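Please treat every number below as a calculation from the coordinates, not as lab data. On a predicted model such as this, the values are computed, not experimentally measured, just so you know. Every residue, glycine among them, receives a Cβ derived from its backbone with ideal geometry; neighbour counts consider all protein chains shown.
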Amino acid sequence: MRVGVFFCQFNPEWSLALDPVIKYADNLPGVVLTRQMGIKPKPEPESLAELIRTYDFERVVIAGDSPGYFKPLFTKAVAMSDLNTEEIRLASFREHGAEGADAIDRAKAILACAVFGVPYSLAAVPKGGPVHHATLVIGGGIAGIQAALELANAGKQVYLVERTGTIGGHMAMFDKTFPTLDCAACILTPKMVAVAQHDMIRLFTGSTVEYVNGVPGAYRARIKTRPRYVDLKACVSCGICSEVCPVKVASEFDAGISQRKAIYIPFPQAIPNVYIIDGDHCTYLQTAGTKCGVCEKKCPKECINFQDKGQVTDIEIGNIILATGYDILDPTIIPQYGYGVFPNVITALEFERLTNASGTTGGRIVVKTKKTSKRTGEEEWIFDAGNPPPKNVAIIHCVGSRNKKYNAYCSRVCCMYSLKFSHLVKEKIPGANCYEFYIDMRAFGKGYEEFAERIREEGTFVVRGRSATVSMNGDQLVVKGEDIVQDKNVEFPVDLVILAVGLVPARGTAELCKLLGLKRDSDGWFSELDYNGNPTETERGGIFVAGMCQGPKDIPDTVAQASAVAAGVLRSISSGRGIGHRSSLMLSEIEARAKSIHTY
Amino acid sequence: MAIRVNPKLIEDLTSFGAADVNMCYHCGDCSAVCVHSDELYRFPRKSMRQLQMGLGEKIDTALEPWLCYYCGQCSDQCPREANPGETMMSLRRWLINRYDITGIAGKFFRSKKTEILTIVAIGLLTAMAALTYHFFRGSIHVYDGENAFLPSLLVHLFDLFLGAFLAVILLLNAGNMWRLTMLKGKEISIPWWLYLKEFLVLPLHFFTQIRYAKCDTGNREKPYMPWIVHLGLMWSYLTMLILVMVFLPFLQSGPQIDWSVHIFGYLATIGLATGLVYFIRSRIRMHYVQYKKTHATDWVFVILLLIITVTGIFQHIFHRLGLPVAANVTYLLHLMAVTPWLIRMPFTKWAHLIYRPLAMYFSEVRRSAVALEQKSEVSFRPVLQTI
């Protein structure tokens with residue numbers, strides 16, 4: 001086989017010392033010519049074809065950070081020189097992760113595979129030891145629940161670790177799912193109950209992973225459970241403790257639009273369905289037992305234990321699934337929308353809780369009004385079921401998304417949930433006007449475009465052009481923008497502004513990455529092994545990603561990926577071959593494997 | 001009517017300063033945040049669109065770039081960092097080039113080498129002319145009166161000649177601007193008497209630049225500063241121009257200070273110096289988005305004006321101190337900078353002194369014409385009616 005290797009650099013800032021790689025390429029069997037083409041070369045196809053003919057190449061390898069960029073040019077040249085265009089091979093250094101300490105060895109391996117005509121992913125299969133059958137799932141949202149249930153139903157032990165007091169994650173906060181407008185809780189709650197009742201799932205709520213060590217297939221992890229101060233087994237969630245508790249705190253589950261007590265249950269369907277004491281706000285705990293303690297006295301089951309110190313559990317597992325989800329971007333950093341300044345500018349998550357039948361207003365969509373707090377005497381803006389409903393609602397898309405200052409990426413779900421909001425407003429408030437300010441309508445899934453069409457037909461005013469500012473004209477909120485389709489400047493007086501805020505990786509993602517030795521992409525999400533071909537595995541053997549923590553995605557995609565992850569885990573368990581870190585692969589191993597595939 | 005598309009329009013515009021037009025994805029943030037963008041003149045987004053589509057004719061006949069004072073809010077808010085404010089600035093340079101019938105402006109904007117060489121050549125020519133005169137008649141030891149090195153009457157005549165040259169070019173270019181914006185780019189008929197009706201707009205904007213005061217510079221500590229400095233610079237400049245063009249013999253007489261004339265000179269000098277310091281300081285600090293990019297012609301503008309101001313101050317001081325040689329040398333240097341400066345005026349950014357108030361005037365005439373045809377329904381809820 002006579003092979004010509006062409007090094008073409010696409011990104012001028014990409015820095016990999018090519019000299020050793022070129023030297024290595026020169027010594028590979030079959031390579032008759034290596035040529036360094038420089039940054040973004042534009043050779044004439046005719047002269048390239050001439051070169052290919054002169055050397056009588058049987059295979060052409062394009063090597064570089066993004067060699068695919070140059071493929072059309074080489075295809076043209078190869079076609080002109082009567083060589084089979086299938087014999088153009090790409091050695092994609094960047095895409096196969098040739099960076100960091102072992103970048104040069106990795107690049108050599110990638111190049112060797114290309115020269116031998118073997119796909120890198122076929123040759124680079126790490127060997128590993130036997131696999132422990134238990135799995136650790138980090139994150140108890142829909143992705144974690146789905147993956148845990150898939151594995152548990154296959155008869156494998158699962159440890160599900162959740163940071164907050166209940167599983168369910170963000171999906172539990174939602175009212176309806178798009179585009180079918182199914183009730184989110186009706187899908188999620190049975191799954192949550194199944195998790196709680198499953199013999200093969202051990203649930204750790206209020207817990208975090210302290211460390212992970214070991215090798216793929218035989219990891220050891222320590223799970224630290226924060227004190228709950230309530231006996232998990234004894235509590236029957238009668239709620240007396242919460243009734244008597246004098247401390248009020250903004251409810252995390254209600255996105256801050258309502259208040260909960262210091263001893264609370266996040267929501268009535270929480271799993272485990274047990275009350276929890278917020279140690280940061282409880283008077284008894286904050287004063288070291290000198291004040292209050294009324295819940296302990298009133299509890300009929302005597303299940304409150306202020307001496308709870310939490311616990312530490314060491315587990316052994318074979319695989320780890322990351323399903324840590326996301327947080328919403330804090331819109332106070334974008335001053336022109338006036339979030340935090342104007343009370344009736346709210347985030348999508350707050351609206352989600354407002355319109356939820358289990359929310360503070362019982363599902364009535366209302367505006368905030370000024371009330372004087374009885375306890376502190378301060379004026380505050382609150383949602384109350386008796387408040388008037390908004391007549392005009394503006395929904396602003398892409399808040400902080402697709403914006404080079406905040407998130408450069410598209411958060412993917414906002415277009416659809418915003419349209420859903422329009423529907424909910426129109427359904428619950430007859431005669432209300434909804435204005436959707438969007439840049440591009442990204443209705444990408446099954447039935448989504450039809451859903452967008454339906455919302456338009458329902459009479460929502462869909463304005464193409466993002467609103468630039470939200471301001472106050474007297475008592476009236478005013479949303480200003482440019483409708484670029486109608487070619488008009490628009491200015492709408494509205495009562496409620498909903499910001500379709502973008503999504504960011506959940507807090508703690510960076511720490512978890514460090515803990516597990518994983519990579520994150522430029523936007524902060526976990527890096528998968530290969531976005532197209534292997535979207536569930538990571539660089540580290542036996543560590544998988546599912547759901548939002550890998551990148552924004554909607555519920556159907558999250559559930560699908562969670563199930564796919566379970567398949568990956570089960571494959572590693574049942575194959576008997578085990579798994580290993582891809583990064584630990586030696587150049588000689590890959591080379592040998594590539595050669596062996598090459599020969600037969 | 002067929003629309004001609006120029007696919008290289010953006011590429012062409014890069015030499016005038018705009019670099020990021022293609023980044024724009026038309027969210028409309030910039031148009032919505034701009035206080036000057038209204039139903040009839042909507043920018044900067046629309047101009048960005050026209051550029052992306054290569055609608056050269058629409059760009060050439062547009063008044064919008066002149067309605068922008070570059071407060072920088074649009075570029076500040078742009079999610080794509082497409083820099084709409086800088087694009088409007090570049091479009092103004094582009095339009096100066098378009099209005100210019102001689103084609104010199106384009107050469108200056110496209111190549112700083114051409115511009116600098118031209119300036120140096122004109123400066124040297126001026127020096128040669130002065131030295132030739134010196135060879136025959138003038139004496140370097142005499143500043144004023146008979147046998148003066150540079151007799152003020154002669155310089156005055158030269159000034160008037162230059163002034164006439166400038167006026168002719170500017171008039172022709174302004175006429176060209178009118179032809180492009182009001183005849184070629186018109187969508188409706190404009191009755192002639194509207195030009196009379198709206199005439200007051202011209203002096204109003206020329207002397208007050210009142211639209212600049214309306215710019216929303218809320219992100220700054222002193223929101224009125226850019227307007228005041230710009231206005232002060234313009235007034236000082238205008239005063240100095242009139243002094244030099246009309247009252248030069250009085251200005252150059254002395255060594256006694258003639259307060260009735262010189263007081264204006266002092267005030268104008270203070271204004272110019274302040275403006276220059278402000279300009280240079282902000283361009284170096286780059287603390288607001290509008291100062292981040294400075295075109296080569298702008299630097300030439302500032303440096304020349306700096307030389308003129310400094311030499312002007314010194315020749316004045318030397319003259320009053322009774323140092324005729326030093327005064328004559330600085331005066332020659334001064335003239336070497338002033339001549340290219342004056343000749344350069346209609347072909348560079350300076351010309352916006354004329355074009356901008358004209359554009360405001362034309363835009364108001366157009367607006368009245370539209371109102372006449374009752375096409376403009378100034379409604380804030382247009383979407384409701386059309387969807």
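As a rough guide to protection, the peptides A:167-174, B:126-133, A:207-214 ranked by mean Cβ packing within 10 Å, highest first, stand as A:167-174, A:207-214, B:126-133. In this structure the amide hydrogen of A:Asn433, modeled in the peptide plane, comes within under 5 Å of the amide hydrogens of A:Asn392, A:Val393, none closer than 5 places in sequence on its chain. In the protein assembly as shown, the DSSP beta bridges split such that about 50 percent are antiparallel, to the nearest 5.
About the centre of its Cα atoms, the protein assembly as shown shows a dipole size close to 580 debye [charges on the beta carbon of Lys, Arg (+1) and Asp, Glu (-1) only; nearest 20 debye]. For the stretch A:1-118, the equivalent ellipsoid derived from the Cα gyration tensor has semi-axes of 22, 15, 11 Å, listed largest first. 3J(HN,Hα) along the stretch A:220-233: 10, 9, 10, 10, 9, 9, 6, x, 9, 6, 10, 5, 4, 7 Hz, from the Karplus curve 6.51 cos²θ - 1.76 cosθ + 1.60 with θ = phi - 60°, whole Hz, x for Gly and Pro. Rounded to the nearest 5, the antiparallel percentage of DSSP beta bridges internal to the stretch A:328-504 is 50%. Neighbour counts of C-beta atoms inside 10 Å place A:Ile321, B:Ile101 in the sequence B:Ile101, A:Ile321, starting with the fewest. Towards the positive end of the charge dipole of the stretch B:9-99, with charges on Cβ (+1 Lys, Arg; -1 Asp, Glu), say which of B:Ser15, B:Gln73, B:Thr61 has the farthest Cα. My answer, from the dipole projection, is B:Thr61.
When the stretch B:104-366 is described by a simple charge dipole with +1 on each Lys and Arg Cβ and -1 on each Asp and Glu Cβ, the residue from B:Gly185, B:Tyr212, B:Phe301 located farthest towards its positive end is B:Gly185.
Divide the volume of the convex hull around the Cα atoms of the stretch B:9-99 by the residue count and you get 81 Å³ per residue. Projecting label points 7 angstrom from Cα along Cα→Cβ for A:Ser373 and A:Arg222 puts them 3.9 nm apart.
Estimated at 0.36 nm per residue, the fully extended path between A:Thr290 and A:Met200 surpasses their Cα-Cα distance by 28.2 nm. Once you reduce the stretch A:500-563 and the stretch A:117-135 to the center of their Cα atoms, the two points are 20 Å from each other. Peptide A:486-493 has a mean shielding of 6, counted as Cβ atoms of other protein chains within 10 Å of each residue's Cβ. In chain B, the convex hull through the Cα atoms has an average projected area of 21.2 nm², a quarter of its surface area.
Helix B:296-321 and the longest principal axis of the C-alpha atoms of chain B enclose an angle of approximately 30°.
For A:Leu477, nonlocal amide neighbours, meaning residues 5 or more places apart or on other chains whose placed amide H falls under 5 Å from its own, are A:Val494.
Relative to the dominant Cα principal axis of chain B, helix B:225-246 is inclined by about 40°. Between amide H atoms placed 1.01 Å from N, distances below 5 Å from B:Arg80 occur with A:Lys404, all of them 5 or more places distant or on a separate chain. Dividing the convex hull volume of the alpha carbon atoms of chain A by its residue count gives 180 Å³ per residue. For a 4.7 Å threshold on C-beta separation, the list of partnerless cysteines in chain B reads B:Cys24, B:Cys27, B:Cys34, B:Cys68, B:Cys78.
For GluC sites (Glu not before Pro), the sites in the stretch B:166-254 that DSSP calls loop and that have at most 13 other Cβ atoms within 10 Å are B:Glu187, B:Glu221. Placing +1 on the Cβ of every Lys and Arg and -1 on the Cβ of every Asp and Glu, with nothing else charged, gives the stretch B:9-99 a dipole about its Cα centre of roughly 120 debye. For helix A:414-428, what angle does its Cα long axis make with the longest principal axis of chain A, in degrees from 0 to 90 and rounded to 10? Relative to chain A, helix A:414-428 is tipped by roughly 30 degrees.
Shielding by partners for peptide A:400-413, expressed as the average number of C-beta atoms from other protein chains within 10 Å of each residue's C-beta, is 2. Shown here is the pair-distance distribution of the stretch A:495-592: with all Cα-Cα distances grouped in 5 Å bins from zero up to the longest one, the shares run 2, 11, 18, 21, 19, 12, 7, 4, 2, 1, 1, 1, 0, 0 percent. Cβ crowding within 10 Å, taken as a proxy for footprinting-reagent exposure, orders B:Glu86, A:Glu539, A:Glu378 from fewest neighbours to most as A:Glu378, A:Glu539, B:Glu86. Take each residue in B:79-86, count the other chain C-beta atoms within 10 Å of its C-beta, and the mean is 3. If you wrap the Cα atoms of the stretch A:321-383 in a convex hull and average its projected area over all directions, you get 6.5 nm².
Rounded to two decimals, the Cα-based Rg/Rh of the stretch A:328-504, with Kirkwood Rh, is 0.96. When the Cα positions of A:Gln286, A:Ser411, B:Leu162 are compared along the charge dipole of the protein assembly as shown, B:Leu162 comes out farthest toward the positive end, with charges on each C-beta of Lys, Arg, Asp and Glu. Exposure proxy ranking for A:Phe253, B:Phe207, B:Phe158, based on other Cβ atoms within 10 angstrom of each Cβ and starting from the fewest, stands as B:Phe207, B:Phe158, A:Phe253.
Take the Cα of A:Glu511, step 7 Å toward its Cβ, do the same at B:Phe135, and the gap between the two points is 8.5 nm. Here is the size of the stretch A:240-298 from its Cα atoms: Rg then Dmax, 11.4, 33 Å.
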